[in-house]
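A.B. asks: One structure, pasted below without further comment.
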Amino acid sequence: MNPKSLEETKTFTQMVARKQGWVLTADSALYEDLVQGLNTNWNRYGYYLCPCRDTGGSREADKDILCPCEYAAQDIAEYGHCYCSLYWSEDFAKSGKQPQGIPERRPFKAL
């Protein structure tokens, strides 16, 4: 596994946002924390595990929460941002609203 730098992880998040038509959180401190979490997870597990969720112990168990998680598009469509608030819709970003906690869509999985 090749370790990733923070800059590489930032580039990853920027590419995801651009490809999906999303924008990154306007909260720079939160962005730095989330990027650090993604970077730590890459360097620990070898994949970009959502920094706001716990690992199931393997890439297979975590496949639904690889960044961007499979719940992100639905969360962004409904709430304007994803679960961890890394990605926002353009409309939400322009609205001036602040992210709120949103319900977890991921089904409970016993470890």
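A.B. asks: Which of the residues that make up the stretch 71-105 are surrounded by 14 or more Cβ atoms within 10 Å (Cβ to Cβ) and part of a loop (DSSP other than H, G, I, E, B)?
C.D. replies: As a first pass, look at the stretch 71-105 and keep what is surrounded by 14 or more Cβ atoms within 10 Å (Cβ to Cβ): 71-73, 75-76, 79-89, 92-93, 99, 102, 105.
Across the stretch 71-105, the qualifying residues are Y71, G80, C82, Y83, C84, S85, L86, S89, P99, I102, R105.
A.B. asks: Quick one: which of G56, G37 is modelled with pLDDT under 95, small (G, A, S) and either assigned to a loop (DSSP other than H, G, I, E, B) or closer than 20 Å to I102 by Cβ (or both)? Talk me through it step by step, then tell me what you get.
C.D. replies: Working: G37 fails: modelled with pLDDT under 95.
G56 is the lone residue from the list that is modelled with pLDDT under 95, small (G, A, S) and either assigned to a loop (DSSP other than H, G, I, E, B) or closer than 20 Å to I102 by Cβ (or both).
A.B. asks: In the stretch 2-27, which residues are out of contact with any helix residue (DSSP H, G or I) (no Cβ under 8 Å at 6 or more places or on another chain) and assigned to a loop (DSSP other than H, G, I, E, B)?
C.D. replies: N2, D27
A.B. asks: Still on this structure: Take the residues of the stretch 46-56 that are over 23 Å from Q20 (Cβ atoms) and surrounded by 16 or more Cβ atoms within 10 Å (Cβ to Cβ): which is nearest to the chain's Cα centre (by Cα)?
C.D. replies: Residue satisfying both the conditions and the ranking: T55.
A.B. asks: Then there's this: If R59 passes every condition in (1) under 15 Å from the mean Cα position of the chain (by Cα); (2) surrounded by fewer than 15 Cβ atoms within 10 Å (Cβ to Cβ) but one, which one does it miss?
C.D. replies: (1) is the only condition that R59 fails.
A.B. asks: I need every pair where a residue in the stretch 5-31 that is of a type in the set (G, A, S) has its Cβ under 9 Å from the Cβ of a residue that is part of a helix (DSSP H, G or I), sequence separation at least 6 or different chains.
C.D. replies: Note: pairs meeting the criteria are S5/N39; G21/E90; A26/A93.
A.B. asks: What number of residues in the stretch 1-31 are acidic (D, E) and either within 22 Å of A73 (Cα to Cα) or exposed (fewer than 12 other Cβ atoms within 10 Å of the Cβ) (or both)? Full working, then the answer.
C.D. replies: Taking the stretch 1-31 first, the residues acidic (D, E) are 7-8, 27.
Adding the requirement that they be either within 22 Å of A73 (Cα to Cα) or exposed (fewer than 12 other Cβ atoms within 10 Å of the Cβ) (or both) leaves 7, 27.
The qualifying residues number 2.
A.B. asks: Which residues, taken from the stretch 40-53, are out of contact with any helix residue (DSSP H, G or I) (no Cβ under 7 Å at 6 or more places or on another chain) and either on the phi > 0 side of the Ramachandran plot or in a loop (DSSP other than H, G, I, E, B) (or both)?
C.D. replies: Step one: filter the stretch 40-53 for residues out of contact with any helix residue (DSSP H, G or I) (no Cβ under 7 Å at 6 or more places or on another chain), giving 40-41, 43-46, 52.
The answer is G46, C52.
A.B. asks: Is there any pair linking a residue in the stretch 85-104 that is touching a residue at least 40 places away in the same chain (Cβ under 8 Å) and under 14 Å from A17 (Cβ atoms) to one that is part of a loop (DSSP other than H, G, I, E, B) and among the charged types (D, E, K, R), with Cβ under 8 Å and at least six apart or on different chains, and which?
C.D. replies: Note: pairs meeting the criteria are S85/D27.
The values are calculated or read from the model by the stated rules, or taken from the named source; none is laboratory data. Treat the numbers as computed from the prediction; the structure is a model and nothing was measured. Don't worry about glycine lacking a Cβ; one is built from the backbone with ideal geometry, like all the others, and counts go over all protein chains shown.
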